[in-house]
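A.B. asks: Mind looking over this structure? Questions follow.
Since every read-out is calculated from the coordinates, none of them should be taken as a lab result. None of the values given here were measured: they were computed from a predicted structure. Please note: Cβ atoms are built from the backbone with ideal geometry, for glycine as well, and neighbour counts cover all protein chains shown.
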Amino acid sequence: MPDTFDPDTFDADGFAELVARQRAVDEAHDRVVQLRETYGPPAHAPWTGAQRETYETAWRAWRDLARETQAAVEAYARRAGRPRTVVQAEVERAAQQSPEE
């Protein structure tokens, strides 16, 4: 999976790539949630500088992956002549299945 998404070179048949991207987004989100649960709300107990930096780095990674994945889904849907919302739902469903299925 490329580090950044280029809609001009995206393979319109790359549904498997979209699923892989969505799985990466889901994993990044899980990491953000795990850190938030581990550290607790910053309003209750201030985070250390290292905790704040770790959380912010994870949050930015999740945000960037999600943005790039949305761009990939939009490009795929546009090239396939399908509604983006339908493609997004299909990608999310496929990403929730184990890779062996």
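A.B. asks: What 222 nm value per residue comes from the helices of the chain, counting each DSSP H run with n ≥ 4 as -39,500 (n - 2.57) and dividing by all residues, nearest 500 deg cm²/dmol?
C.D. replies: -24500 deg cm²/dmol
A.B. asks: Compute the relative contact order of the chain as a whole-number percentage, counting only Cα pairs closer than 8 Å that sit 6 or more residues apart in sequence.
C.D. replies: 45
A.B. asks: Could you please rank Leu35, Leu18, placing first whichever residue has the fewest other Cβ atoms within 10 Å of its Cβ?
C.D. replies: Arranged by neighbour count, lowest to highest, Leu35, Leu18 become Leu35, Leu18.
A.B. asks: Shifting gears a bit: At 20 °C and 1.002 mPa s, grab the translational diffusion coefficient of the chain from Stokes-Einstein with a Kirkwood Rh over Cα pairs, rounded to a whole number in µm² per second.
C.D. replies: D, rounded to a whole number, is 144 µm²/s.
A.B. asks: In what sequence do Glu92, Glu68 fall when counting other Cβ within 10 Å, fewest first?
C.D. replies: Ascending number of Cβ neighbours within 10 Å: Glu92, Glu68.
A.B. asks: From the residues Leu18, Ala58, Ala45, which one has its Cα farthest along the dipole of the chain in the positive direction, the dipole being from +1 and -1 charges on Cβ of Lys/Arg and Asp/Glu about the Cα centre?
C.D. replies: Of the candidates, Ala45 comes out farthest on the positive side.
A.B. asks: Can you tell me the dipole magnitude for the chain around its Cα centre, using point charges on the Cβ only (Lys, Arg +1; Asp, Glu -1), in Debye to the nearest 20?
C.D. replies: The dipole magnitude comes to about 420 debye.
A.B. asks: Please compute the Kirkwood hydrodynamic radius of segment 55-101 from all pairs of different C-alpha atoms, in Å with one decimal.
C.D. replies: Evaluated over segment 55-101, this radius sits at 11.9 Å.
A.B. asks: Also, I was wondering about something else. When Trp62, Trp47 are ordered from fewest to most other Cβ atoms inside 10 Å of their Cβ, what list results?
C.D. replies: Trp47, Trp62
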